[in-house]
1. Criterion first (of a type in the set (Gly, Ala, Ser), assigned to a loop (DSSP other than H, G, I, E, B) and farther than 27 Å from ALA76 by Cβ) does ALA315 satisfy it?
2. Tell me which residues, restricted to the stretch 154-199, are surrounded by 13 or more Cβ atoms within 10 Å (Cβ to Cβ), part of a loop (DSSP other than H, G, I, E, B) and not hydrophobic (A, V, I, L, M, F, W, C).
3. Output the residue which, of all residues in the stretch 200-222 that are closer than 28 Å to ARG95 by Cβ and of a type outside the set (Val, Ile, Thr), is surrounded by the most Cβ atoms within 10 Å (Cβ to Cβ).
4. Kindly check whether there is at least one residue in the stretch 336-345 that is small (Gly, Ala, Ser) and within 28 Å of THR205 (Cβ to Cβ).
5. Go through the stretch 16-46 and give me each residue that's of a type in the set (D, E, K, R) and surrounded by 10 or more Cβ atoms within 10 Å (Cβ to Cβ).
6. Answer yes or no as to whether VAL239 is in a helix (DSSP H, G or I), at negative phi and either surrounded by fewer than 22 Cβ atoms within 10 Å (Cβ to Cβ) or touching a helix residue (DSSP H, G or I) at 6+ places or on another chain (Cβ under 9 Å) (or both).
7. Taking the condition of being open to solvent by 80 Å² or more (accessible area, probe 1.4 Å) and either touching a Phe, Trp or Tyr at 6+ places or on another chain (Cβ under 6 Å) or more than 18 Å from SER263 (Cα to Cα) (or both), how many residues in the stretch 339-368 meet it?
Amino acid sequence: ADNINTARSGKLCPIDPAKCTEEGYTWKEYKGTTGKEPNCVYHPFGRDNHLGNYLQVDSDTGEFIHPKDGESPSTAKYTLMIPEEMSGQCVIRMRYNMSTNDYPSHKYARNKGEGGIGVDSKTSCPWVSGASDCRNGDPDCSTGTNDTAFACGTGLTADKIPLYNRPYVNLFDRPTGEGFQLGLAINTHQTGRTFQDRSYVFNVTAMPTTVEGLDKGKRVINFGIRGRRGNIVQSYPAVEYDFTPQDLQVNKDDFLHIQFHGSDFNAARNANNGEGWQYSDRANIVQSNNEGMNYPLHGSDINMFSTVDEVKKWAWVGQDPAACDETVNNDKNQNEYKNCGKLNMSPNRFPQNPSEGLWRIQASDGTYTFFSTRNNNFSNRSHKSKLIVGNKDKYKGSPEEGEVVVGSFAAILGASVAGLGIAVFLKQKGMFCFSGSKTVGRLPTQV
């Protein structure tokens, strides 16, 4: 937008109706569909340059929330209340914005309620023509030295900072020969901008009426996978494969909505380490004896699932034993399509019908651990999780009543995105979301 504005008038468009018109632009306003103001909250805290696990903070104050004993770090999330008018195919737009306290207008991002001052284009620098030695007259090459119209250039003083690209500053007010300038690695293309702008498609549908035990008031937790293919170096700045949420706190007769979304187009990253077909994401669920074990329980000892068919469904993830080729079912044939041991014949989205991912918890109270046989590569990644049935208040990070936690195979804002097609099952019509003009309850969803 800035490039269009400057090409027309040499000035940025003001964020004020009268000033916008004065500059030759047309001010347009669009009415929101919900009638609600944006919900501005503090984002969970993560260290710079890493898009993995986060420390949770109070969304209103920004203060850290101390994790409870046994609670694992978790993915950043936002609880979205599904409005009653939302149905069918929907799009969620996610933007990753960079702010810095170097600019007064960005100080809204500071903690403890310290606010900045709102600014518009009248506080911007006048249009700058690049120095004579800048390639193509690029204004971001400006150093304040040979510029034809550099009005904002200043040195570093006790009261001012030089807000231009890659400045050299003198820490002390000393004459030449008694000090030298330090070059700051500040790229003004990188500060105060949107780094990522991604859109994803998902579906909101009524709760299916054909699933036994799934009736009004039942709790449904969406369960998926995050991360990308590769070891810790190759997946950076995202994370390796992981279940999400990592610790599942449920009660008997709750439902998990399991949705595994994978990609068949993972880019090779020296050499895209992983198991099975080299470009693919696949995952399954097998029960183990405890978190420290890397071998599954024998079928006769499995007690997390209530039937043998459930055990097969989530261990084999849609692969038909009759179609598998036992002669290639080994590590020497990782890329063979019929190598079912590496889940190569499993579809990249399982189950294909989202309603078939609903699993009713019938296990007794206790803790059950499980992992993915394909991705639990002990040398550099641990694809494990646990299911805690009962004792609901043990982990603060567990979903609350009625929440649906949305997760998928996806690189986190910066790596390649493996297919994301989220089907969010809401309550039956007339109960929660879609009942004509009547006022009905809404279901929160974590993203």
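1. Taking the combined requirement at face value, the residue does not satisfy it.
2. Of everything in the stretch 154-199, those that are surrounded by 13 or more Cβ atoms within 10 Å (Cβ to Cβ), part of a loop (DSSP other than H, G, I, E, B) and not hydrophobic (A, V, I, L, M, F, W, C) turn out to be THR154, GLY155, PRO162, TYR164, ASN165, ARG166, PRO167, ASN170, GLN181, THR188, THR191, GLY192.
3. Restricting attention to the stretch 200-222, the residues satisfying the condition of being closer than 28 Å to ARG95 by Cβ are 200-205, 221-222.
Narrowing further to those that are of a type outside the set (Val, Ile, Thr): 200, 202-203, 222.
Values: TYR200: 18, PHE202: 17, ASN203: 14, ASN222: 27.
Top of the filtered list is ASN222.
4. Applying the first criterion (small (Gly, Ala, Ser)) to the stretch 336-345 yields 341.
Filter once more, keeping what is within 28 Å of THR205 (Cβ to Cβ): none.
Within the stretch 336-345, not a single residue is small (Gly, Ala, Ser) and within 28 Å of THR205 (Cβ to Cβ).
5. Residues of the stretch 16-46 that are of a type in the set (D, E, K, R), as a first pass: 16, 19, 22-23, 28-29, 31, 36-37.
Correct list: ASP16, LYS19, GLU22, GLU23.
6. Numbers: in a helix (DSSP H, G or I): no; at negative phi: yes; either surrounded by fewer than 22 Cβ atoms within 10 Å (Cβ to Cβ) or touching a helix residue (DSSP H, G or I) at 6+ places or on another chain (Cβ under 9 Å) (or both): yes.
No; evaluated as a whole, the condition is false for this residue.
7. Of the residues in that region, 3 qualify.
Results for (1) open to solvent by 70 Å² or more (accessible area, probe 1.4 Å); (2) more than 15 Å from ASN339 (Cβ to Cβ); (3) in a loop (DSSP other than H, G, I, E, B); (4) in contact with a Ser or Thr (Cβ under 7 Å, 6 or more places away or on another chain), shown as yes or no for each residue.
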residue: PHE265; (1), (2), (3), (4): yes, yes, yes, no
residue: ASN272; (1), (2), (3), (4): no, yes, yes, no
residue: GLN278; (1), (2), (3), (4): yes, no, yes, no
residue: ARG282; (1), (2), (3), (4): no, no, yes, yes
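The values are calculated or read from the model by the stated rules, or taken from the named source; none is laboratory data. Small disclaimer: the values here were computed from a predicted structure and weren't measured. Here Cβ is always computed from backbone atoms with ideal geometry, including for glycine, and neighbour counts include all displayed protein chains. Side chains are part of the model used for accessible areas, which takes the heavy atoms of the whole protein and leaves out ligands, DNA and RNA. Shrake-Rupley method; radii C 1.70, N 1.55, O 1.52, S 1.80 Å.
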